[in-house]
Structures are given as C-alpha cells and as structure tokens.
Amino acid sequence: MPKANEAASRPHPTVRTDLLLLAVAISGISLSAPLIAATAAPALAIAFWRNAMAVGALSPLALTRHRAELFSLSRRNLLLAVAAGALLAVHFGVWLPSLQMTSVASSTALVTTTPIWTTLLMRLRGHRPPALVWAGTALAFLGVVILTGVDLSLSSRALAGDALALSGGMAAAGYVLLGAEVRRTVGTVTYSYVCYGTTTVLLLATCLVSGASLGGYSGGTWLKLAVLTVTAQLLGHSLINRVVKGLGPSVTSTAILLETPGAALIAALWLGQTPPVASYPALAVIMAGLGLVIMADRVAKKG
C-alpha cells in the first residue's frame, strides 16, 4: 500500500519531461536580457532579427514534416496563432527598448510579472483563483511599486524603462494564454512558425517606419544575434510553447519568473551591471509574491 501511494505521488514521466524542458527554456531566456544589453544594434532590430532567424531555422521543418498540419489549420487556430504573434511583437517591441533605459535586473523583474496578468485574465474568463493567488498577486504588485519607486529616485528615464518592461509583461500574458489554447490541438513547430512569422512581419514594419537600422553590424553583433536566436528564441520561447500544453499557462508563466535572478546574475558577472542596493528588497518581494502563486497552484492540484 505505501508503495502504491509512493508511486501515485511521483510525477508522470510526461510531466517530468515537460519540467526538464521548461528548465532548459528558462536557462535560454535568462541569457536574453544580458545578450540584448550587450548587442550593438537598435532594440527593435534585435527583436526583428531574433524572430526572423528563428523563422528561417524552422522553415525546413515546418514546410516538410509539418506541411500538412500547417496548411490544414482551422481558421480559429490560425487567427489565435496570429494574435499570439502580434502580442509577442508588442512584448518585444516595448521590452527590448527598456533594457537600454533601466537596469537588466529591474527590466527583467518587471517583464516577468506575466503570471500576475495571466491570473487576472483567467479571472476575466471565469476562472476563480484561490485567495492565496490574490495574496501573492498583491505582494508582487507591492514589489513592483517599491522597484519603480527606487528607479524614480534614480531618473525619469529609468522609470519610463520600467513602464515599458511592465507593458511587456502584460503582452506576454496574452501570448501565453493564446498559445496554450492553440497548443491544445496544434503542434509546437506549426504554432511557433505561424506565431514567429507574424511577429517578424510586424516588427519589420515597425523597424521600417521608425527608421531602425537592420544591417551594417559588426561580425560580433551578428554572432550575438545568432546566439540570442538559438538560446532565447528556439530553446527558450519554442520550448515554452512545447510545455504549455501539458503544464498549463499558470505554471508555465510563473516559472518564467526564474528568469529574473538568472538574468541579474549573468548581467552582474558578464556586464558588471549591479542594480542599486535598494532594489534588492523589491526583487525579493516580487519573487515572494509569485512564490505564493506557485504554492496556490500546487495546493489546487492536490485538492
């Protein structure tokens, strides 16, 4: 009997695989902010190229092995995937510029408030989160207020960067929710191809309108763009698209919070970019609040 209970308590092999892939994805996206901050190219151009390169890498696979699924997408799934791509474009379009206005730690902490907005959007759709989720959300919001207060004391530019990063987190919440809906019936490669393709087109138009330079970079810059595409886009976002079907939008979006300490550590070691001492309590409060959200999800599943 104890053996049966022990076996029942073990994670399903599929769940273990999804969690392992999620860990790889978080490692990939943790490199995103430091790499972007170190890349000598316009923020919008970086956003465009990481998606365009990802589309190029996925094209052989999407147009051969997944061709049938790609061209048989229902109108609903196609529109949802395009909408997800549009939100991803907004996410990149507002977040990447914020990295040039505020610290990597502050920007990453605010853009990864995605679980807060995911919870609120799910509530609007009829889902009733437990009290622990609301407590965690309130605590995380308090951390956001503290962090933006710290940056306001530094400069109005840093505060504007915070606002852009926060907007990026909101857009990412819609992207995750729409992706979870499409992935119920559509494969990872097909969904990612349509999503990234939409993002690429929209960011290209934005770059052309804003006059952002799309070329003339050094070899080192192109190398960083390639590394960014492989780590943050193909291993990061694509694996998130893969696991959101099994783990759900709540757990997936909450795990993205681990990008905050990862990116801050890499930025400190690689770029020598250490955030103000006063920002550490704010980061701790945000992480504590989102930890409550994770705890609530686990309690709900056990119940």
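Return yes when Leu58 is touching a Ser or Thr at 6+ places or on another chain (Cβ under 9 Å), farther than 13 Å from Ala226 by Cα and assigned to a helix (DSSP H, G or I) and no when it is not.
So Leu58 passes the test.
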Checklist entry - Mind checking which residues of the stretch 250-267 are open to solvent by 20 Å² or more (accessible area, probe 1.4 Å) and either basic (Lys, Arg) or touching an Asp or Glu at 6+ places or on another chain (Cβ under 9 Å) (or both)? => result Ser250, Val251
Checklist entry - Out of curiosity, is Thr137 in a helix (DSSP H, G or I) and under 17 Å from the mean Cα position of the chain (by Cα)? => result no
Checklist entry - So which of Leu178, Leu159 ends up being at pLDDT below 85 and either under 20 Å from the mean Cα position of the chain (by Cα) or open to solvent by 30 Å² or more (accessible area, probe 1.4 Å) (or both)? => result Leu159
Next on the checklist: For the condition of a type outside the set (Lys, Arg), modelled with pLDDT of 95 or more and touching a helix residue (DSSP H, G or I) at 6+ places or on another chain (Cβ under 6 Å), what is the one hit in Gly56, Gly28, Gly85?
Outcome noted: Gly85
Next on the checklist: Of the residues Met122, Met101, only one is open to solvent by 20 Å² or more (accessible area, probe 1.4 Å) and outside any loop (DSSP other than H, G, I, E, B); which?
Outcome noted: Met122
Checklist entry - Among the candidates Leu164, Leu177, Leu208, Leu159, which residue alone is of a type outside the set (D, E, K, R) and out of contact with any Ser or Thr (no Cβ under 7 Å at 6 or more places or on another chain)? => result Leu208
Next on the checklist: If Phe48 meets every condition in (1) farther than 15 Å from Gln233 by Cβ; (2) in contact with a Leu (Cβ under 6 Å, 6 or more places away or on another chain) apart from one, which number is that one?
Outcome noted: (1)
Next on the checklist: Could you go through the stretch 48-67 and let me know if any residue there is under 17 Å from the mean Cα position of the chain (by Cα), of a type in the set (Val, Ile, Thr) and open to solvent by less than 70 Å² (accessible area, probe 1.4 Å).
Outcome noted: no
Checklist entry - Do you know which residues across the stretch 186-204 are of a type in the set (Gly, Ala, Ser) and buried (at least 23 other Cβ atoms within 10 Å of the Cβ)? => result Ser192
Next on the checklist: Please go through the stretch 278-293 and give me each residue that is modelled with pLDDT of 70 or more and either aromatic (Phe, Trp, Tyr) or not in a helix (DSSP H, G or I) (or both), ordered by number.
Outcome noted: Tyr280
Next on the checklist: With the requirement that a residue be open to solvent by less than 40 Å² (accessible area, probe 1.4 Å) and among the small types (Gly, Ala, Ser), what does the stretch 68-82 give you?
Outcome noted: Ala81
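The values are calculated or read from the model by the stated rules, or taken from the named source; none is laboratory data. Please read all numbers here as calculations on a predicted model, not as lab measurements. Here Cβ is always computed from backbone atoms with ideal geometry, including for glycine, and neighbour counts include all displayed protein chains. Heavy atoms of the whole protein, side chains included, go into the accessibility calculation; ligands, DNA and RNA do not. Shrake-Rupley method; radii C 1.70, N 1.55, O 1.52, S 1.80 Å.
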